[in-house]
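Structure, as structure tokens:
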Amino acid sequence: MIELKPGSVSDIPNLWSLRTRAVRQLCAGHYSPEQIEAWSESPPPQSYLRLLATHCALIAEEDGQRLGYGILDRQTGEVIALFVEPVLAGKGIGRRLMEGLEGIAAEEHFTRLHLYASLNAADFYRAMGFVAIRDEHYEHPSGIFLRSLYMERELSTTSLH
């Protein structure tokens, strides 16, 4: 059974390693080799320290194995990250993480979530109820521009406790 656990600052190196594997394997069909290289070689952003220190991250685990993670900025309602081990993509882990992030959103009384979706993840987010608002070039902290979709999702009032 998949369990969601809060992430902490000490988890950043392992989470970033998982994210790098996901970028290299799951994004390669949607971005150039040069983009993948720059994207995957970039270090964790400084914002991860604040986000993980303020209980914005959830880690999905099963039998002690880390399966993926998600981060929701409690200040803005932006889904900052949602990554799953590449070999486990499509197994419901991302959905479980998104449900957990919605729980955090409910704690903060958000009525809407937003995010920048990489092209490979857009269909997943559509299945989760997000709507593409615009297609744009996201400036990644590494200095490259990545085509992405800015997406939003209204949260039902029944999910806000």
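The single residue among Gly129, Gly143 that is part of a loop (DSSP other than H, G, I, E, B), over 23 Å from Ile93 (Cα atoms) and either touching a Pro at 6+ places or on another chain (Cβ under 7 Å) or not charged (D, E, K, R) (or both) turns out to be Gly143. Residue count for region 25-54 under the criterion of being touching a residue at least 24 places away in the same chain (Cβ under 8 Å) and closer than 21 Å to Ala89 by Cα: the result is 7. Against the criterion of being loosely packed, with under 15 Cβ neighbours inside 10 Å, of a type in the set (Asp, Glu) and touching a residue at least 40 places away in the same chain (Cβ under 8 Å), Glu62 qualifies.
State whether the residues of region 60-78 include one that is hydroxyl-bearing (Ser, Thr, Tyr), within 14 Å of the chain's Cα centre (by Cα) and within 20 Å of Leu18 (Cβ to Cβ). Checked against the condition, which is being hydroxyl-bearing (Ser, Thr, Tyr), within 14 Å of the chain's Cα centre (by Cα) and within 20 Å of Leu18 (Cβ to Cβ), region 60-78 yields at least one hit.
Taking region 57-73 as the range and being modelled with pLDDT under 95 and assigned to a loop (DSSP other than H, G, I, E, B) as the test, the residues that pass are Asp63, Gly64.
Yes/no matrix, rows are residues, columns are (1) in a strand (DSSP E or B); (2) surrounded by 15 or more Cβ atoms within 10 Å (Cβ to Cβ):
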position: Leu52; (1), (2): no, yes
position: His55; (1), (2): no, no
position: Val79; (1), (2): yes, yes
position: Gly94; (1), (2): no, yes
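The number of residues in region 1-50 being surrounded by fewer than 15 Cβ atoms within 10 Å (Cβ to Cβ) and among the aliphatic types (A, V, I, L, M) comes to 4. Among the residues of region 108-160, just one is loosely packed, with under 13 Cβ neighbours inside 10 Å, among the basic types (Lys, Arg) and within 18 Å of the chain's Cα centre (by Cα), namely Arg112.
Residue count for region 81-92 satisfying the condition of being within 18 Å of Ala127 (Cα to Cα) and either surrounded by 15 or more Cβ atoms within 10 Å (Cβ to Cβ) or among the basic types (Lys, Arg) (or both): 7.
The values are calculated or read from the model by the stated rules, or taken from the named source; none is laboratory data. Computed from a predicted model, the values in this text were never measured in an experiment. For neighbour counting, all protein chains shown are included, and Cβ atoms are generated from backbone atoms with ideal geometry for every residue, glycine included.
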